[in-house]
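No value in this document is a laboratory result; all are computed from the given coordinates. The model shown is predicted, which means the values in this text are computed figures rather than measured ones. Ideal geometry is used to build each Cβ from the backbone, glycine not excepted, and the neighbour counts take in all protein chains shown.
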Amino acid sequence: MHYDRPNPHAVDLDELAARFRRFATTEVEETSPLYHALALAVAGDRDLLLLAAEAQPGQPPANMLLGAVHLLLLRTPDHELAAYFPDLAAAPGAPAAAVPAFRAFCATHAGEIAALLRSHLVQTNELRRCAYLLPAFSHVAGKAQAPLALVEVGASAGLNLLFDRYAYRYQLGDVALGAGDPASPVTIDTGCIVHTGAELPLGMPRIAQRVGIDLNPVDLADGEAYAWLRALIWPEHADRAARLMAARRLWLAQPPALVRGDAAEQLPAVLDALSESVAPVIFHTHVLN
């Protein structure tokens, strides 16, 4: 593959290669064998690094490049590379063997990949973060003795704002605890054990208002916007993809209010618009991984 990069901003290829290696070893080594192999391949390939450098400044280049490739494969899964993606192949090939097909795919689709990198942002909606939100919001509601008005900073599509429409499973010592809506198509299985004796408030609070603020809010009624969120899910994570699909159905039935802009600028007006009878709760979930 040979890639002539038209994007004018300067690139430190050594630093970019180091970022791909860090991504491979610290983010996906244990959770996505395919992306681990592909990220290491990119780190050692000048042309793939130049292609990855088309991502907008401030965006994580590995997530962007691999997400763009994943999106194109999900659209047209007829390239040989699809045979290595667990969400596209019944019996995917060994991750390390995918590298030649990955290079060939990037060479063939370099223009499309570059366009996606220049125009898109990494925006995920990790629904399992709601497992932390439910007890926190339940605790706040108990103290406030009032309905809550949720304001999420960095909301993306606002799926965390719909936390009260999901079902939950917690483990308190040896006892399994259920919470939320048992009929929900979305189940958040926390996978964590809460020590016996710990307080775990799981009563569902009343939600009077919910607003999300984001620099680029995602409209899940837009099929292309949804497809990009789906593509950002790593190919081995079938459970996350299924939760996103089910949560989208709930979102489409009753979408939350989303405000475009910088939270520092938009937050005062959003708070001023809330009812005086509610308890405002401002939250952000990026660090809850």
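Sort 135-146, 268-279 for me by packing, meaning the mean count of neighbouring Cβ atoms within 10 Å per residue, highest on top. Intermediate results must be reported in sequence, preceding the final value.
On the way: 135-146: 15.1, 268-279: 12.3.
By packing density, highest mean first, the sequence is 135-146, 268-279.
What is the sum of charges around Phe105, taking Lys and Arg as +1, Asp and Glu as -1, for the other residues whose C-beta is under 15 Å from the C-beta of Phe105?
Details: positive: Arg75, Arg103; negative: Asp45, Asp47, Asp78, Glu80, Glu112.
With Lys, Arg at +1 and Asp, Glu at -1, the net is -3.
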Pro92: net charge of surrounding residues, Cβ under 15 Å, Lys/Arg +1, Asp/Glu -1, itself excluded?
-3
Calculate the length of the line joining the C-alpha centroid of region 76-99 to that of region 120-172, in whole Å.
35 Å
For Leu258, which sequence-distant residues (separation of 5 or more, or a different chain) have an amide H within less than 5 Å of its own amide H, given hydrogens modelled in the peptide plane?
Gly212
Quick shape check on region 13-119: root eigenvalues a ≥ b ≥ c of the Cα gyration tensor, a/c under 1.5 is rounded, otherwise prolate if a/b tops b/c, else oblate, and it reads oblate
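Within a 10 angstrom radius of the beta carbon, how do Glu112, Glu27 rank from fewest other beta carbons to most? Can you show the working numbers first?
Numbers: Glu112 14, Glu27 18.
Listed from fewest to most nearby Cβ atoms, that is Glu112, Glu27.
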Measuring from the longest principal axis of the C-alpha atoms of the chain, the long axis of helix 99-108 (C-alpha) lies at a number of degrees, nearest 10, equal to 90 degrees
What percent do you get for the relative contact order of region 13-119 when only Cα pairs under 8 Å and 6+ apart count?
30 percent
Computed, not fitted: 222 nm per-residue ellipticity of the chain from DSSP H runs ≥ 4 (each -39500 (n - 2.57)), nearest 500, equal to -12000 deg cm²/dmol
Angle in degrees between helix 110-119 and the longest Cα principal axis of the chain, rounded to the nearest 10
30 degrees
